[in-house]
Structure formats: structure tokens, C-alpha cells
Amino acid sequence: QVQLVESGGGLVQAGGSLRLSCAASGSIFSINVMGWYRQAPGKQRDSVAVISSGGSTGYADSVKGRFTISRDNGRNTVYLQMNSLKPEDTAVYYCSLSTRGNVYWGQGTQVTVSS
């Protein structure tokens, strides 16, 4: 079993920055993909950014150039640095880990960007 714990959400003004962290624990296979997703009220959960254990990354068009995903394999931790935040970035952000056909989710952390 795998557990994911997110931290770093909060309230920030438009144009500000936040850094999210997600620590994974449990039975973690070394080859995996970690990522960040977000879900705004009344909307579906969408992918924000993903990173493989080898370091390959992918971003949603809406966050390219503003968000940066990174990971520390030794600590099984993934980060999301969010800069130039906009009100439309307001959502619950979820961490995920995909490995061996399974997908695990964290409990989510709220990010609110005020205008």
C-alpha cells in the first residue's frame, strides 16, 4: 500500500507563489510517475503536471511557464512550484502516484488565489 501526504496549500493573492509538497510512503516501486491534479468546484479533476522517476515532465497548457514540477527520489517526494498564480488556479490540488497499474491519491490541499 502507498500513502501520499500533501502540504503547502493556502491563500495567496494573484501574482503570488506557493510551493506544494507531497511525500509518498509505503511499498513504492522505483519506476513510477508522480503528478499533480486539481479540481475546482463543479468541475472535473484535471492534470496539472506529471514527472516520471527518470525526470521527464509534462504540463497542462494553462500552467506552462508558471508552474514547475520536481521530485526527490531519495525522499519519495514531489514538489509543485507555482508562480504568477491566477484566480483561475483556485482548486483542491491532489498528488498522485502511478505504478504497476495502480494509481494512488493524496487527500488534497486547497489553493485559493484572490484577485
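With 20, 80, 11 as the choices, which residue is hydrophobic (A, V, I, L, M, F, W, C) and open to solvent by 30 Å² or more (accessible area, probe 1.4 Å)?
Of 20, 80, 11, the one residue that is hydrophobic (A, V, I, L, M, F, W, C) and open to solvent by 30 Å² or more (accessible area, probe 1.4 Å) is 11.
State all residues of the range 83-110 that are hydrophobic (A, V, I, L, M, F, W, C) and either assigned to a strand (DSSP E or B) or open to solvent by 20 Å² or more (accessible area, probe 1.4 Å) (or both); if no residue qualifies, say none. Spell out how you get there, then give the answer.
Taking the range 83-110 and keeping what is hydrophobic (A, V, I, L, M, F, W, C), we get 85, 91-92, 95, 97, 103, 105.
Correct list: 91, 92, 95, 97, 103, 105.
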Can you pull out every residue in the range 57-77 that is surrounded by fewer than 20 Cβ atoms within 10 Å (Cβ to Cβ) and farther than 21 Å from residue 25 by Cβ?
57, 58, 59, 60, 61, 62, 64, 65, 66, 68
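Take the range 2-19 and flag every residue that is assigned to a loop (DSSP other than H, G, I, E, B) and over 12 Å from the mean Cα position of the chain (by Cα).
Our first condition is that a residue be assigned to a loop (DSSP other than H, G, I, E, B); within the range 2-19, this holds for 8-9, 14-17.
Within the range 2-19, 14, 15, 16, 17 meet the criteria.
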What's the total number of residues in the range 20-51 that are assigned to a loop (DSSP other than H, G, I, E, B), small (Gly, Ala, Ser) and within 17 Å of the chain's Cα centre (by Cα)?
1
What residue, of 37, 104, is of a type in the set (Phe, Trp, Tyr) and out of contact with any Leu (no Cβ under 6 Å at 6 or more places or on another chain)?
37
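The values are calculated or read from the model by the stated rules, or taken from the named source; none is laboratory data. Treat the numbers as computed from the prediction; the structure is a model and nothing was measured. FYI the Cβ positions are ideal-geometry reconstructions off the backbone, even for glycines, and counts take in every protein chain you see. With ligands, DNA and RNA removed, areas are computed over all heavy atoms of the protein, side chains included. Shrake-Rupley method; radii C 1.70, N 1.55, O 1.52, S 1.80 Å.
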